[in-house]
Structure formats: C-alpha cells, structure tokens
Amino acid sequence: MAAVKKIALIVGSSRVGGNAPGIAAWLSPLIQKQLNLTSTTTKQSYEVVVVNPTDHPLGPVVWGAKIPMQIRDPADYPSQTVRDWSAFVSSFAGFVFLTPEYNGGYPGDLKNALDHVYWEWEG
C-alpha cells in the first residue's frame, strides 16, 4: 500500500467562542471517509489533519530584502519559525480551507499564515 497522504483542513478562525472548531470536528471525518472511499481502486489512503494557524505563531511579514515569492529554497527564510512552517505546509498533499467571512474577506490570522510562504502552496 502507498504511504498515507496527509490533507490539511486549515481552520481560518481561532476566535474564542467561534464555530470553526466544531465545524472542523464534524467536517474532518467526512472528508477522510470520502477520500478513502474514492481511493479504493488506487489503494491510496488519506489522513485529514486539522490545522489552526495560530498554533504556529509567525508574526508579521517584515523581513526586508525578499518577499516569499522570491524565496525558492526554504533554508533562505530568515526565521526558523517560518522555515518550520514551510516544512509543515510542504508535508501535506492537499489543503481544505474552512474559514468564515470577516469584514468581506478572510481572517487576518489565515492571511498571515498564507503570506509567509509562497511556493509551498503550489500543487
């Protein structure tokens, strides 16, 4: 059997009292079941991992000389925290985003997590 592929269910809101943790707990097994049902012919199995970006405190994107799109080698990120985030994001085969609308867009914590790396999101 092929190695288990991890799918990140990225929770876009960490608001205290928010609905995201409950929805993620409900959605995660549904996604996992559907992925594993549809992969019976390929014998591929999947694991859904709930990811809360606030568990990976990155701080603001203020490094200076290069923007994340210009950094191809994760070793070139100036912060160990961002290098760790890069490795974490790269460990997933796919992503599902669970996010509320916040002032007509998506929450700042999610945007910050997305903006710290660039090539790692590429499929």
The size of the Cβ-based charge dipole (Lys, Arg +1; Asp, Glu -1) of the chain about the Cα centre, to the nearest 20 debye, is 300 debye
Once normalised by the length of region 5-121, the mean sequence separation of its alpha carbon contacts under 8 Å that are 6 or more apart gives a contact order in percent of 41 percent
The alpha-carbon center of region 8-29 and that of region 46-123 are separated, in whole Å, by 17 Å
Across all Cα atoms of the chain, Rg and the largest Cα-Cα distance (Dmax), in Å, are 15.8, 49
For region 92-123 the GluC sites (Glu not before Pro) that pass both the DSSP coil test and the at-most-13 other-Cβ-within-10 Å test are E101, E122
Once amide hydrogens are built 1.01 Å from N within the peptide plane, the residues lying 5 or more places from V96 or on another chain with amide H under 5 Å from its amide H are A8, L9, I10
Listed by chain and number, the residues whose amide H is under 5 Å from that of E47, excluding neighbours fewer than 5 places away on the same chain and using placed H, are K5, K6, I7
Restricted to pairs 8 or more residues apart or on different chains, the lysines in the chain with C-alpha atoms under 29 Å apart form a number of pairs equal to 9
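Since every read-out is calculated from the coordinates, none of them should be taken as a lab result. Computed from a prediction, not measured in an experiment: that's the story for all the values here. All Cβ positions, glycine included, derive from the backbone under ideal geometry; neighbour counts span all protein chains shown.
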